[in-house]
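Enquirer: The structure under discussion is supplied below as structure tokens; questions concerning it will follow.
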Amino acid sequence: MALSEHEQRLLEQMERALYAEDPKFASALQGADLRARLRRRAYFAIAGFGVGVVLLLTGAVVAVPVGIVGFLVMLGCAFLAISSWRRIPAPGEIQPMGRRGTRGQQRASRRGRFMERIEERWRRRRDEQGH
């Protein structure tokens, strides 16, 4: 069962208060440090990009399929590095503990708010026409 927006705000306020009151305990509850994990993933992707460059150059000399694989490795690693680097939160930014919404949940939430706005407009128009 999804939380309402009011409940989500209350939960976020409680998390911020816990973090402000006892950051060490809050960090222990939060688990692995998100910043460190994303930074480490970005560094591994950069190293993988280097391997892709070596494969690409080797493919140019030895065999074309090796070069194609090198290019695909470079492309995948570049995407992974950029996406990981962009997701790294700022040093003071607090991440919600234990709840990270998936893209599907975020889309559903946006869709719900969109539908609420449309319904509200419809009600206003109906009220304006009725009076």
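Enquirer: Cβ-Cβ below 6 Å, separation at least six or inter-chain, first residue in the range 33-53 and farther than 16 Å from Leu72 by Cβ, second of a type in the set (Lys, Arg): which pairs?
Expert: Listed by first residue and then by second, the contacts come to Leu38/Arg87.
Enquirer: Tell me the residue from Arg126, Arg110 that is over 24 Å from Tyr19 (Cβ atoms), surrounded by fewer than 12 Cβ atoms within 10 Å (Cβ to Cβ) and at pLDDT below 80, please.
Expert: Numbers: Arg126 fails: at pLDDT below 80.
It is Arg110.
Enquirer: Additional query: Can you work out which of the residues in the range 17-36 that are surrounded by 14 or more Cβ atoms within 10 Å (Cβ to Cβ) and either among the polar types (S, T, N, Q) or under 26 Å from Trp85 (Cα atoms) (or both) is modelled with the lowest pLDDT?
Expert: Step one: list which residues in the range 17-36 are surrounded by 14 or more Cβ atoms within 10 Å (Cβ to Cβ), which gives 18-19, 26, 30, 34-35.
When the remaining residues are screened for being either among the polar types (S, T, N, Q) or under 26 Å from Trp85 (Cα atoms) (or both), the result is 19, 26, 30, 34-35.
Values: Tyr19: 76, Ala26: 67, Gln30: 59, Leu34: 73, Arg35: 75.
Ranking the qualifying residues of the range 17-36, first place goes to Gln30.
The values are calculated or read from the model by the stated rules, or taken from the named source; none is laboratory data. In this text the structure is predicted, and so the values were computed from the model without any measurement. Here Cβ is always computed from backbone atoms with ideal geometry, including for glycine, and neighbour counts include all displayed protein chains.
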